[in-house]
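The block underneath contains the structure these notes are about, expressed in structure tokens.
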Amino acid sequence: DGGITQSPKYLFRKEGQNVTLSCEQNLNHDAMYWYRQDPGQGLRLIYYSQIVNDFQKGDIAEGYSVSREKKESFPLTVTSAQKNPTAFYLCASLSGVDVNTEAFFGQGTRLTVV
Amino acid sequence: GNSVTQMEGPVTLSEEAFLTINCTYTATGYPSLFWYVQYPGEGLQLLLKATKADDKGSNKGFEATYRKETTSFHLEKGSVQVSDSAVYFCALSDGGYNKLIFGAGTRLAVHP
């Protein structure tokens with residue numbers, strides 16, 4: 001079955017550490033996204049990528065980095081510069097830019113600073 | 001800019017009650033409108049969508065009608081079940097890679 005796989009489901013980070021969240025899709029979608037979700041809040045866009053080897057900052061990119069070396073993969077690194085990283089992170093993809101296109105989401109990664 | 005506003009939650013209902021979750025939007029063009037659902041600990045899933053004015057999206061007993069005159073896309077269900085307990089997100093898209101806008105989400109809790 002086609003879909004988006006995020007791993008790990010739970011991740012713990014120590015102060016000052018960088019951690020990388022994985023996102024893989026086999027939907028052959030061009031566009032991929034990373035969102036952050038905090039309790040009781042909506043989704044905030046961190047980074048998105050329209051095509052391999054290209055990506056753009058979203059609304060809250062500071063303290064995060066991404067790469068897009070393959071169409072299927074869009075990993076997110078939470079760096080030590082992100083002062084409040086505890087949150088639920090969601091990866092999504094879109095097949096195109098048509099206004100009717102729906103987004104597909106992974107199951108999410110819950111990151112906790114310990 | 002484009003935006004989506006949802007009613008604040010949580011919404012708490014008894015099983016078989018009628019559900020309405022309000023959603024209004026602001027957009028400069030002719031967006032498509034979506035409702036996504038998020039079950040505890042999971043990602044979002046598309047629940048239904050409508051692509052033009054007066055369209056009605058429906059799925060699993062949920063319905064929403066695209067009302068351009070009131071810029072609204074309210075979610076309704078005639079008889080909720082405990083299994084409907086989740087967070088519901090209203091969203092709009094007017095095309096392009098960076099044009100999917102989500103509301104803040106509304107938590108629904110249904111009790112037996």
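Checking the stated criteria, B:SER72 turns out to be away from chain A (no Cβ under 14 Å) and of a type in the set (Ser, Thr, Tyr). Restricting A:ARG68, A:ARG44 to those that are within 20 Å of B:GLY41 (Cα to Cα), within 14 Å of chain B (Cβ to nearest Cβ) and of a type in the set (Lys, Arg) reduces the list to A:ARG44.
Residues in the range B:51-96 that are farther than 22 Å from A:ALA31 by Cβ and of a type in the set (Gly, Ala, Ser): B:ALA53, B:GLY57, B:SER58, B:GLY61, B:ALA64, B:SER72, B:GLY78, B:SER79, B:SER83, B:SER85, B:ALA86. Please verify whether the range A:80-90 includes one or more residues that are in a loop (DSSP other than H, G, I, E, B), closer than 30 Å to B:THR51 by Cβ, open to solvent by 60 Å² or more (accessible area, probe 1.4 Å) and at pLDDT below 95. There is no residue in the range A:80-90 that is in a loop (DSSP other than H, G, I, E, B), closer than 30 Å to B:THR51 by Cβ, open to solvent by 60 Å² or more (accessible area, probe 1.4 Å) and at pLDDT below 95. A count restricted to the range A:83-114 and to residues that are free of Cβ contacts under 8 Å to residues at least 40 places away in the same chain, within 11 Å of chain B (Cβ to nearest Cβ) and hydroxyl-bearing (Ser, Thr, Tyr) stands at 1. Checking each residue in the range A:1-57 for being in a loop (DSSP other than H, G, I, E, B), of a type in the set (Lys, Arg) and within 28 Å of B:GLY9 (Cα to Cα) picks out only A:LYS9. Taken over the range B:1-22, the criterion of being open to solvent by less than 50 Å² (accessible area, probe 1.4 Å), of a type outside the set (S, T, N, Q) and either assigned to a loop (DSSP other than H, G, I, E, B) or more than 12 Å from chain A (Cβ to nearest Cβ) (or both) is satisfied by B:GLY9, B:VAL11, B:LEU13, B:ALA17, B:LEU19, B:ILE21.
Would it be correct to say that B:LYS77 is away from chain A (no Cβ under 14 Å) and open to solvent by 50 Å² or more (accessible area, probe 1.4 Å)?
For B:LYS77, the condition - away from chain A (no Cβ under 14 Å) and open to solvent by 50 Å² or more (accessible area, probe 1.4 Å) - is not met.
Looking at the range B:80-90, can you tell me whether even one residue there is within 13 Å of chain A (Cβ to nearest Cβ), surrounded by fewer than 22 Cβ atoms within 10 Å (Cβ to Cβ) and touching a residue at least 24 places away in the same chain (Cβ under 8 Å)? Scanning the range B:80-90, I find at least one residue that is within 13 Å of chain A (Cβ to nearest Cβ), surrounded by fewer than 22 Cβ atoms within 10 Å (Cβ to Cβ) and touching a residue at least 24 places away in the same chain (Cβ under 8 Å), so the answer is yes.
The values are calculated or read from the model by the stated rules, or taken from the named source; none is laboratory data. Just so it is clear, the model here is predicted, and its values are computed rather than measured. Quick reminder, even Gly has a Cβ in these numbers, built from the backbone with ideal geometry, and neighbours come from all protein chains shown. SASA here: full protein model, heavy atoms, side chains in, ligands and nucleic acids out. Shrake-Rupley method; radii C 1.70, N 1.55, O 1.52, S 1.80 Å.
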